[in-house]
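What follows is one structure encoded as structure tokens, with my remarks underneath.
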Ligand SMILES: *[C@@H]1O[C@H](CO)[C@@H](O)[C@H](O)[C@H]1NC(C)=O
């Protein structure tokens, strides 16, 4: 009896946490909890759609790895993040320590390499470091001017099998709205079928994990 009650309460709390989570058919719009603790790039929500959100990022600065050829998103992200983690720990030209930020981005692009896909992992440079981000071997600074992103949120630890599924779901929800054309046109200059996975949590956080798929585009 006691065990049954216990199980029931676990199930009920699971259900309530699931229903609190905005899923595919609802609006998204969780501000990742991580961003109340560490610095994240600011953005404005231009449109809250069904299962997606359109954001505008004003200028931002990122430090990025070289393209990593790998068959696994998870493995590529881990090896890219390790380089970036050493960088913020002081493995850079100024031996400067840099505060942790979020999200960590992994850009997924088609490639001519052995796995037909390559990954670039990026770290958001805190505002205090943007005037003079320390250089480091093998890493590149990227300065973004204003960019728009169609965004879908999902939770949990990201698995390789999530990526295609979540990107397709974002694409479907855009097609079901008036945004698909705008996003497609806005991507004309960048390689198509490129998208970004944004992760906001450390591997040691088990709850309230926020991940996002971003499709970046330009808009007049
Ligand atoms: C982005 O720029 C616009 C136009 O200058 C401004 O109104 C907005 O507050 C800025 N947003 C953020 C998050 O800084």
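Each reported figure results from applying straightforward, stated rules to the coordinates on display, with no laboratory input. This one's a predicted model, so the numbers in the text were calculated from it and none came from an experiment. Positions of Cβ are generated from backbone atoms using ideal geometry, with glycine treated the same way; all protein chains shown enter the neighbour counts.
See the values below:
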read-out: Rounded, prolate or oblate (a/c below 1.5 giving rounded, otherwise prolate when a/b exceeds b/c) for region 131-220 by Cα gyration tensor; value: oblate
read-out: Least to most buried among 157, 206, 81, 119 (fewest other Cβ within 10 Å first); value: 206, 157, 81, 119
read-out: Estimated distance in nm for a label pair at residue 142 and residue 79, the labels positioned 7 Å out from Cα along Cα-to-Cβ; value: 1.9 nm
read-out: 106, 194 arranged by Cβ crowding within 10 Å, fewest neighbours leading; value: 194, 106
read-out: Relative contact order computed over region 65-220 (Cα-Cα under 8 Å; 6+ residues apart), in percent; value: 27 percent
read-out: Burial ordering of 147, 91, 185, fewest other beta-carbon atoms within 10 Å first; value: 185, 91, 147
